[in-house]
Amino acid sequence: MGDFRTTIEIAASADRVWSIISDVERWHEWTASITSIERLDAGPLRIGSRALVRQPKLPQNRFEVTALEAGRGFSWESKSPGLRGVGHHWIEPTPNGCRVTLGVDFRGLLAWPISRLYGALTQRYIEMEAEGLKRRSEQPRGT
């Protein structure tokens, strides 16, 4: 009930996709599902990195990176009483570019009602992010 996913094929190298997806403060440039992301620390994205994520129709959430493999992807989580949301962003190289899987898992006492209330919006946002990432990644550099 609380797991939402999408997978998309991207005709760009995993390195190219990683350079875009790991630059979280610029996500608003390529997906309308993000209003802004403000990093709360400096330097490259790493385990322990924190950010404030603002999305249309949703409350602001503070995320912390909990898993990261440079060039491959990361997961981050947001916690509030009764709810833990984990966002996943993983890249798998393929012969023609790469395959990206994006997802959100809701856990805790409030996972079921939150999934019922926001599930369709969550899935739509994940799909918007995947399509936006594909468009940005497949653009020639510098455009």
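In table form, for the structure just shown:
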quantity	calculated
Count - residues of segment 6-28 that are among the charged types (D, E, K, R) and closer than 14 Å to Glu131 by Cβ	1
For Glu29: the one exception among (1) acidic (Asp, Glu); (2) touching a residue at least 60 places away in the same chain (Cβ under 8 Å); (3) surrounded by 13 or more Cβ atoms within 10 Å (Cβ to Cβ)	(3)
Top-ranked residue of segment 1-22 - restricted to ones that are modelled with pLDDT of 95 or more and of a type in the set (Gly, Ala, Ser), ranked as surrounded by the fewest Cβ atoms within 10 Å (Cβ to Cβ)	Ala11
Which numbered condition Thr35 fails, given (1) in contact (Cβ under 8 Å) with a residue 24 or more places away in the chain; (2) under 14 Å from Tyr125 (Cβ atoms)	(1)
Top-ranked residue of segment 93-120 - restricted to ones that are of a type in the set (D, E, K, R) and within 15 Å of the chain's Cα centre (by Cα), ranked as nearest to Ile20 (Cα to Cα)	Arg99
Of the criteria (1) of a type in the set (Gly, Ala, Ser); (2) farther than 26 Å from Leu40 by Cα; (3) modelled with pLDDT under 95, which one Ser80 fails	(2)
From Ala12, Ala32, residue being over 14 Å from the mean Cα position of the chain (by Cα) and more than 25 Å from Arg107 (Cα to Cα)	Ala12
Selection within segment 84-143 - touching a Gly at 6+ places or on another chain (Cβ under 6 Å), part of a strand (DSSP E or B) and surrounded by fewer than 17 Cβ atoms within 10 Å (Cβ to Cβ)	Arg84
Any hit, segment 51-58, residues being surrounded by 14 or more Cβ atoms within 10 Å (Cβ to Cβ), out of contact with any Cys (no Cβ under 7 Å at 6 or more places or on another chain) and assigned to a loop (DSSP other than H, G, I, E, B)	yes
Qualifying residues in segment 45-78 (those that are of a type outside the set (A, V, I, L, M) and in contact (Cβ under 8 Å) with a residue 40 or more places away in the chain) - the one nearest to Arg26 (Cα to Cα)	Gln55
Residue match in segment 79-95 (condition: aliphatic (A, V, I, L, M), touching a residue at least 60 places away in the same chain (Cβ under 8 Å) and out of contact with any Phe, Trp or Tyr (no Cβ under 9 Å at 6 or more places or on another chain))	no
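Residues are listed down the side, and each one gets a yes or a no for (1) aromatic (Phe, Trp, Tyr); (2) in contact with a strand residue (DSSP E or B) (Cβ under 7 Å, 6 or more places away or on another chain); (3) at pLDDT below 95:
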residue: Thr31; (1), (2), (3): no, no, no
residue: Trp76; (1), (2), (3): yes, yes, no
residue: Asn96; (1), (2), (3): no, no, no
residue: Thr101; (1), (2), (3): no, yes, no
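The values are calculated or read from the model by the stated rules, or taken from the named source; none is laboratory data. Quick caveat: nothing in here was measured; it's all calculated off a predicted structure. We place every Cβ from the backbone using ideal geometry, glycine too, and count neighbours over all the protein chains shown.
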